[in-house]
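**Student:** Just passing along the structure, written as structure tokens.
Where a number appears in this text, it was derived from the coordinates with a stated rule and is not lab data. Quick caveat: nothing in here was measured; it's all calculated off a predicted structure. Quick reminder, even Gly has a Cβ in these numbers, built from the backbone with ideal geometry, and neighbours come from all protein chains shown.
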Amino acid sequence: MALNLVMLGPPGAGKGTQASRLAQSRGVPHISTGEILREAVQAGTDLGRKAEMVIEAGQLVNDEIMIGIVNDRLGKDDARHGFLLDGFPRTVSQADALDNMLGVREPLVVIDLSVNDDELVRRLSTRRMCESCGAITGSVNGRPTATCGTCGGALKQRSDDREDVVRQRLIVYRQRTEPLIGYYQQRPTFRSIDGSQDEEAVAALVGAAVDGVAA
Ligand code: AMP
């Protein structure tokens, strides 16, 4: 059976980490809209030029652009038998559009990762990204690691992980994205998980939740 999954949660909740693990174990593509935008910024495309300032201000790229990106991506061959969305939807309009895109596909499984603000700010301020492979590396004993644990590449801080931008991203999350919990929570395929535990523990809970709702 196809797995169509949305990973919800505030920035720093572990959506990317958990989505990437789950995508590997379930054999479905991990689609991160933040990553698609960062690639466009790097490549200097029209989209990248439009998105760069919005991202650095901790705001959201407009719905029409994001819906277009996801519609195209879900139409690709590798997403025919399932997908794992990380960072989309972020607004009610995006969620409505996603429902419309699904058509006759299997129902959406929605996993919400909840983590309190102090822990989110702590995680994001020590988070580093590998310049070579894009892997997210957290910290060991509260200190960022020097090199990528996956490929040994150099690490950098995301420009929107600075504390002032992080605080703004959290405000935008509460205003525009958190209402999606109410949007989805009546569905039988919605699960909320405590994302404040360590990566392995959360991965076990996510795996069990997916098995429970997508059985
Ligand atoms: P992320 O990597 O998911 O934290 O996304 C990084 C940034 O990209 C966000 O703070 C937004 O500025 C932008 N972005 C990513 N996904 C979306 C989306 N679905 N809607 C609007 N903006 C987005």
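**Student:** Quote the FRET efficiency, to the nearest 0.05, computed for Gln42 versus Ser93 with a Förster distance R0 of 25 Å and r equal to the Cβ-Cβ distance.
**Tutor:** E between Gln42 and Ser93, to the nearest 0.05, is 0.40.
**Student:** Let me ask something else about it. Report, largest value first, the span of the C-alpha coordinates of the chain along each principal axis, in whole Å.
**Tutor:** Taking the Cα atoms of the chain, the three principal extents are 45, 40, 33 Å.
**Student:** What FRET efficiency, computed as 1/(1 + (r/R0)^6) with R0 = 30 Å and r the Cβ-Cβ distance, is obtained for Val54 and Met101, rounded to the nearest 0.05?
**Tutor:** 0.85
**Student:** Tell me, in nm to one decimal, what length is gained between Ala146 and Asp72 on full extension, where the rule is 0.36 nm per residue of separation less the Cα-Cα distance?
**Tutor:** Difference between extended and current length: 22.9 nm.
**Student:** Can you give the alpha-carbon Rg of the stretch 1-92 over 2.2 N^0.38 Å, where N counts its residues?
**Tutor:** 1.08
**Student:** Still on this model: Cβ under 14 Å from Gly87's Cβ, Gly87 left aside: what net charge do those residues give with Lys, Arg +1 and Asp, Glu -1?
**Tutor:** So the environment of Gly87 carries a net charge of +1.
**Student:** Right, another one. Sequence-distant or interchain residues sharing an amide H contact under 5 Å with Val110, placed H: which?
**Tutor:** Hits under the 5 Å cutoff: Val6, Phe190, Arg191.
**Student:** Calculate for the chain the 222 nm mean residue ellipticity that helices alone would give, adding -39,500 (n - 2.57) per DSSP H run of length 4 or more and normalising by residue count, nearest 500 deg cm²/dmol.
**Tutor:** Calculated at 222 nm, the ellipticity per residue is -14000 deg cm²/dmol.
**Student:** A further question on this structure: May I ask for the net charge around Ser20, where only other residues with Cβ less than 12 Å from the Cβ of Ser20 are counted and Lys, Arg are +1 while Asp, Glu are -1?
**Tutor:** Combined, the nearby Lys, Arg, Asp and Glu give 0.
**Student:** What list of ³J(HN,Hα) couplings, whole Hz, do you get for the stretch 6-22 from phi and the Karplus terms 6.51, -1.76, 1.60, once you set θ to phi - 60° and write x for glycine and proline?
**Tutor:** Using θ = phi - 60°, the values come out as 10, 9, 9, x, x, x, x, 6, x, 4, x, 4, 5, 5, 5, 4, 5 Hz.
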